[in-house]
Amino acid sequence: MSEGRLIVVEDDLAMQRLLKTQLTARGFDVHVVDNGPDALTAVADMSPDLVLLDIGLPGMDGLEVCRNLREWSSGPIILVSAQDAPQTKEQALEMGADDYLTKPFHIGELVARIRAVLRRAGKLTTQVQTVVEIGPLRIDTVKRQVIRDGVEVRVTKTEFDLLKEFVNNADRVLTYDQLLRAIWGPGYDDPRLVHVHVCNLRRKIETGPGGMRYIIATAGVGYMLRSSGG
Ligand code: CA
């Protein structure tokens, strides 16, 4: 059984090999990327258990990657710095990193830190399951946030309420009446209200690369969210 899925963000080839070999040997699944933009895509695609993030990266540095990740992901991050600069450590923690490590470090110390952060995160995630993933979509029902392919999709309150209702009833048809009652409340009976908002929502979440369809219309009845897309 895997100790956890890690994304290692590191531009130094020797360091990449060392981390990949040593962490794999200790039971982790390790995916290595060598720059910030690829790190963001990888986290969105893979939802790793933890990100080990080098600060010294070409282009977008590790602090920038960390700040960007924190806009939509609460997953564990350990930042790694080459120099022991106290202000960098402060910055790292302010950016939302869970821990901070300075090179050079012993692999044993790194593994201990990773396990400690995973343990703490595990306690949190068992309390509330707030993030649902459907294809390229990541829906956080507490933060009321929708991410598609790593990019936040701006939706209105009504659109989010609709999406949440679909997510909670995935792969089941919701009738116009059920949706009207759930989102708008009693006294609303015009299916066009549902239709307009569902169309707007679909335009936002279903366009883009791949063009998968998730919300399916059942003529005269209502809509269904397909968790597998099509
Ligand atoms: Ca580096």
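Looking across the stretch 183-220, the residues that are assigned to a loop (DSSP other than H, G, I, E, B), open to solvent by less than 60 Å² (accessible area, probe 1.4 Å) and at pLDDT 85 or above come down to ASP190, TYR214. Regarding SER81, is this residue away from the ligand (no atom under 16 Å from the Cβ) and crowded, with 16+ Cβ neighbours inside 10 Å? When the stated conditions are applied, SER81 does not pass them. Close contacts from the stretch 1-30, counting a first residue that is over 16 Å from ALA42 (Cα atoms) and a second that is away from the ligand (no atom under 14 Å from the Cβ) and open to solvent by 60 Å² or more (accessible area, probe 1.4 Å), with Cβ to Cβ under 6 Å and a gap of 6+ residues or different chains, come to SER2/ASP29; GLY27/GLU3; PHE28/GLU3. If you go through the stretch 29-60 and keep only what is open to solvent by 60 Å² or more (accessible area, probe 1.4 Å) and either more than 16 Å from the ligand (Cβ to nearest atom) or out of contact with any strand residue (DSSP E or B) (no Cβ under 9 Å at 6 or more places or on another chain) (or both), you end up with ASP29, HIS31, PRO37, THR41, ASP45, ASP49, PRO58, GLY59. Consider the stretch 1-28 and keep the residues that are open to solvent by 10 Å² or more (accessible area, probe 1.4 Å) and touching a Gly at 6+ places or on another chain (Cβ under 7 Å). The one that is nearest to the ligand (Cβ to nearest atom) is GLU3.
The values are calculated or read from the model by the stated rules, or taken from the named source; none is laboratory data. The structure displayed is predicted, hence computed values, not measured ones. Cβ: placed from backbone, ideal geometry, glycine included. Neighbour counts: every protein chain shown. Side chains are part of the model used for accessible areas, which takes the heavy atoms of the whole protein and leaves out ligands, DNA and RNA. Shrake-Rupley method; radii C 1.70, N 1.55, O 1.52, S 1.80 Å.
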